[in-house]
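Asker: Quick one: the structure is below, questions incoming.
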Amino acid sequence: MNNIKLPPELLSIVSPEKIDFATKAGRDKPKKKSILIILFGVVWTLFTSIFVFIFFVPIIQGKEVHFESNGVPTVASPDNLEPLLLPAIIVGLFLLIGIGMLSWGIFSMMKKGGYFVGTPTRLIFYQNGIIRSIDWEEFSGDIEISGDNTKGNISLLMRIGKMVSSKNGSDRYVPDVIYITEIPNVYEIEQICRKRIKENDPTPATTYGSE
């Protein structure tokens, strides 16, 4: 698990410590995450495109467009585009959001992963010259695995996160996640991560049966 050549910058930081594992991720994010973003972007863009056809295609064809604005019947035409100014801004904004999500999904699909090194006290991540060090105590111990031992994915949930609002219910807490994607020996690395998280757990152990 340690038979990979580490970049000199990463090696200089890790070298004083014992290395539990060192691996190179195949992707920055799991493929499923990227596909979901792409699908959402496609649906959003297609839905927004309906309004483009309703409001603007007839204008391009030299026809009038009839709609209501604040409950008042309004007519726009090639000679009178002012009524379409506000719809154009709104539709354009939503279209940009859809294209942005679609582009981000494609970018995340193509983005390669970085190096991950585990030591007894921390997980070190290196990508594009940037090094991030995360103490094991910052992880909750909730770990998800997918794939197989030849090419698997590990999702390490952290103690920190953010509140996400929901239309149909109360706000919910979503923890941050560190993805180690498309790596070999995924089961062995998961066991090491779980062991180190437990060893560095800042939560005091509870002793029963003593006063």
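Asker: Would you mind getting me the FRET efficiency between residue 79 and residue 130? Use the beta-carbon distance for r and R0 = 41 Å, nearest 0.05.
Answerer: Once the sixth-power term is evaluated, E becomes 0.15.
Asker: Further question: Heads up, I need the accessible area for residue 96: 1.4 angstrom probe, whole protein in place, Å², nearest 10.
Answerer: Accessible area, nearest 10 Å²: 120 Å².
Asker: Let me cross-check residue 177: its accessible surface, 1.4 Å probe, with only protein heavy atoms counted, in Å² to the nearest 10?
Answerer: 50
Asker: Mean Kyte-Doolittle of at least -0.5 plus a Cα span of 18 Å or more along the axis: flag which DSSP H helices in the chain meet both, please. If you can, show how the numbers build up before the last one.
Answerer: Values: long enough: 31-55 (36 Å, 1.78); 85-110 (37 Å, 2.19); 186-199 (20 Å, -0.85).
Passing helices, by number: 31-55, 85-110.
Asker: Right, something else. Please report the antiparallel percentage of DSSP beta bridges with both residues in the chain, rounded to the nearest 5.
Answerer: Approximately 100 percent, going by the DSSP bridge assignments.
Asker: Using a 1.4 angstrom probe on the protein heavy atoms only, could you order 136, 44 from most to least accessible area?
Answerer: Output order, biggest surface exposure first: 44, 136.
Asker: Calculate what fraction, in whole %, of the accessible area of the range 66-211 sits on carbon and sulfur atoms when a 1.4 Å probe is rolled over the protein chains.
Answerer: Result for the range 66-211: 56 percent of the exposed heavy-atom area is carbon or sulfur.
Asker: Amide H of residue 114: which non-local residues (sequence gap of 5 or more, or other chain) have their own amide H closer than 5 Å, using H built in the peptide plane?
Answerer: Here the answer is 25, since their amide H atoms fall under 5 Å of that of residue 114.
Asker: While we're here: Using a ≥ b ≥ c from the Cα gyration tensor of the range 45-92 (square roots of the eigenvalues), is it rounded, prolate or oblate, where a/c under 1.5 gives rounded and otherwise the larger of a/b and b/c decides, a/b for prolate?
Answerer: On the way: a/c = 1.78, a/b = 1.21, b/c = 1.47.
Note, shape of the range 45-92 comes out oblate.
Asker: Treating only the Cβ of Lys, Arg, Asp and Glu as charged (+1, +1, -1, -1), what charge dipole size does the range 85-211 show about its Cα centre? Round to the nearest 20 debye.
Answerer: 460
Asker: Let me ask another. Return the label of the correct value of Cα extents along the principal axes in Å, as calculated from the structure shown, out of (1) 53, 47, 32; (2) 61, 42, 34; (3) 78, 52, 30.
Answerer: (3)
Asker: Moving to a separate point now. Just to make sure I understand: if all protein chains stay in place, what is the order of 51, 125 by accessible area at 1.4 Å, largest first?
Answerer: Result, largest first: 51, 125.
Asker: Between 141, 118, 92, find the one with the highest GNM mean-square fluctuation for the chain; connect C-alpha pairs within less than 10 Å.
Answerer: Looking only at 141, 118, 92, the biggest GNM fluctuation is shown by 92.
Asker: Using the Karplus curve 6.51 cos²θ - 1.76 cosθ + 1.60 with θ = phi - 60°, what ³J(HN,Hα) values do you get for each residue of the range 150-165, in whole Hz, with x for Gly and Pro?
Answerer: Going residue by residue, I get 7, 8, x, 10, 10, 10, 9, 7, 9, 6, 8, x, 8, 8, 10, 7 Hz, with x marking Gly and Pro.
Asker: In whole Å, how far is the Cα centre of the range 132-171 from that of the range 38-102?
Answerer: Here the two parts' Cα centres lie 39 Å apart.
Asker: What order, most packed first, do the peptides 5-12, 148-155 have when packing is the mean number of other Cβ atoms within 10 Å of each residue?
Answerer: Highest-to-lowest ranking by the protection proxy: 148-155, 5-12.
Asker: Still on this structure, please answer the following. Can you give the accessible area of residue 190 in Å² (nearest 10), computed on protein heavy atoms with a 1.4 Å probe?
Answerer: Solvent-accessible area, nearest 10 Å²: 10 Å².
The values are calculated or read from the model by the stated rules, or taken from the named source; none is laboratory data. Because the structure is predicted, anything quoted here is derived from the model rather than measured. Neighbour counts run over all protein chains shown; Cβ positions are idealised from the backbone, glycine included. Just the protein is used for accessible areas: all its heavy atoms, side chains included, with ligands, DNA and RNA removed. Shrake-Rupley method; radii C 1.70, N 1.55, O 1.52, S 1.80 Å.
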